[in-house]
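Q: Questions regarding the structure given below will be posed in turn.
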Amino acid sequence: LVPGRPWQEALEDIIQTSNSAVVLVGSNGLGPWEVPEMRGCLSEFVDRKLPVIPVLLPDASVRPSLPLFLRQFTWVDLRGGLTNEGLDRLMWGITGKKS
């Protein structure tokens, strides 16, 4: 993203050309900008099977409130910390290759 330029259009282009998407969920859930970004990624899942990976961050609540459609995806649980197992699962989801 180029400093000093609107980022929304560039982000739309990135979402439309990415090979996978990660939705980070922390203690506050999803913020006001993350919701439309997440919905854009879900739309790309429908259109072209873009993998959408919810990631529960270390500070996420025990029972995170995920949007209905995002709940359908297998998440990566990092609430116990940034472990090798959790990061390996995330890489598997992003690349499609299990290590």
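Q: Do we have any residue at all in the stretch 8-17 that's over 12 Å from the mean Cα position of the chain (by Cα) and not in a helix (DSSP H, G or I)?
A: Looking only at the stretch 8-17, we keep the residues that are over 12 Å from the mean Cα position of the chain (by Cα), and these are 8-14, 16-17.
Among the residues that remain, those that are also not in a helix (DSSP H, G or I) are: none.
No, there is no match, as no residue in the stretch 8-17 is over 12 Å from the mean Cα position of the chain (by Cα) and not in a helix (DSSP H, G or I).
Q: Are any of the residues in the stretch 2-15 touching a Pro at 6+ places or on another chain (Cβ under 8 Å) and exposed (fewer than 15 other Cβ atoms within 10 Å of the Cβ)? Steps first, answer last, please.
A: Applying the first criterion (touching a Pro at 6+ places or on another chain (Cβ under 8 Å)) to the stretch 2-15 yields none.
The answer is no, given that none of the residues of the stretch 2-15 is touching a Pro at 6+ places or on another chain (Cβ under 8 Å) and exposed (fewer than 15 other Cβ atoms within 10 Å of the Cβ).
Q: Do you know which of the residues in the stretch 26-50 that are outside any helix (DSSP H, G or I) and open to solvent by less than 50 Å² (accessible area, probe 1.4 Å) is nearest to W92 (Cα to Cα)?
A: Step one: filter the stretch 26-50 for residues outside any helix (DSSP H, G or I), giving 26-33, 49-50.
Among the residues that remain, those that are also open to solvent by less than 50 Å² (accessible area, probe 1.4 Å) are: 26, 29-31, 50.
Numbers: G26: 21, G29: 23, L30: 23, G31: 26, L50: 14 Å.
The residue in question is L50.
Q: Can you run down the residue pairs with Cβ atoms below 7 Å, 6 or more apart or on separate chains, where the first is in the stretch 26-45 and at positive phi and the partner is surrounded by fewer than 17 Cβ atoms within 10 Å (Cβ to Cβ)?
A: Between residues of the stretch 26-45 that are at positive phi and residues that are surrounded by fewer than 17 Cβ atoms within 10 Å (Cβ to Cβ), the close pairs are G29/S65.
Q: Right, next: Of all residues in the stretch 51-82, which are surrounded by 12 or more Cβ atoms within 10 Å (Cβ to Cβ) and among the hydroxyl-bearing types (S, T, Y)?
A: The answer is S61, and nothing else.
The values are calculated or read from the model by the stated rules, or taken from the named source; none is laboratory data. Not measured: the values here are computed from a predicted model. Glycine gets a Cβ as well: all are built from the backbone with ideal geometry, and neighbour counts include every protein chain shown. Remember, those area values only see protein heavy atoms, side chains included, never the ligands or the DNA or RNA. Shrake-Rupley method; radii C 1.70, N 1.55, O 1.52, S 1.80 Å.
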